[in-house]
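Everything on this sheet refers to the single structure shown next.
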Amino acid sequence: MLHKLRAAMVAPGRELLKGEVEIDEFFLGGYEEGLKGGRQHGKKVLCGAAVEVRGQGSGRLRLQVLENSQAKTLEAFTKETTATGAIVHTDGLPSYNGLAGLGYEHRPRKVASVAKEDKLLPRVHRAISNLKAWMHGTHRSVSPEHMQVYLDEFVFRHNRRGTPMASFQSLLGLGLTHEPVTYREIIDRAA
């Protein structure tokens, strides 16, 4: 039943993020013995995160499972989540270098030029940290084939954190706009 509710948490015609947006990619999964370096992921799932900048705080969030961290994948994630013309802040990963050519004002931030790493992309890093705490504290573990629906649930909760009482009404309204998710569709996703 929860998978059916999670499937309804994504508004079909939701608006793209705009203004200033922080974008980063991260691995989601527990500790794995023997991995060295930040890009080794073992069984972890690579995800992308994009969050609007609203003063010192965070605006709307988007999360998505990513196939890899190559330019083509990260550019597609940016186009799916962020309106062209937006100011996009990223880390110094070269895969983001093509964003300016896609109509974004790209402002990469490098760790060496920032006094403290937490200030590199503070809003998106805070959202990622909150997601990881929520996943570990609430779900303990999530299989990779179902990861996207859990990310969608977190986005739904994050984007409505200021109006928790209205979240239920929003979910009911969104549920009416979606086709029902069958048990077979849920099981087939895991296959």
### Message
Going through Asn159, Asn97 one at a time, which residue ends up being closer than 26 Å to Ala83 by Cα, modelled with pLDDT of 70 or more, buried (at least 18 other Cβ atoms within 10 Å of the Cβ) and not hydroxyl-bearing (Ser, Thr, Tyr)?
### Response
Asn159
### Query
In segment 137-155, how many are part of a helix (DSSP H, G or I) and either surrounded by 19 or more Cβ atoms within 10 Å (Cβ to Cβ) or touching a residue at least 40 places away in the same chain (Cβ under 8 Å) (or both)?
12
### Query
Which residue, of Glu20, Glu15, Glu52, Glu33, is surrounded by 14 or more Cβ atoms within 10 Å (Cβ to Cβ), at pLDDT 65 or above and over 14 Å from the mean Cα position of the chain (by Cα)?
Glu20
## Note on the structure
Taking segment 107-121 and keeping only residues that are surrounded by 19 or more Cβ atoms within 10 Å (Cβ to Cβ) and modelled with pLDDT of 85 or more, one is left with Leu121
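The values are calculated or read from the model by the stated rules, or taken from the named source; none is laboratory data. Treat the numbers as computed from the prediction; the structure is a model and nothing was measured. Don't worry about glycine lacking a Cβ; one is built from the backbone with ideal geometry, like all the others, and counts go over all protein chains shown.
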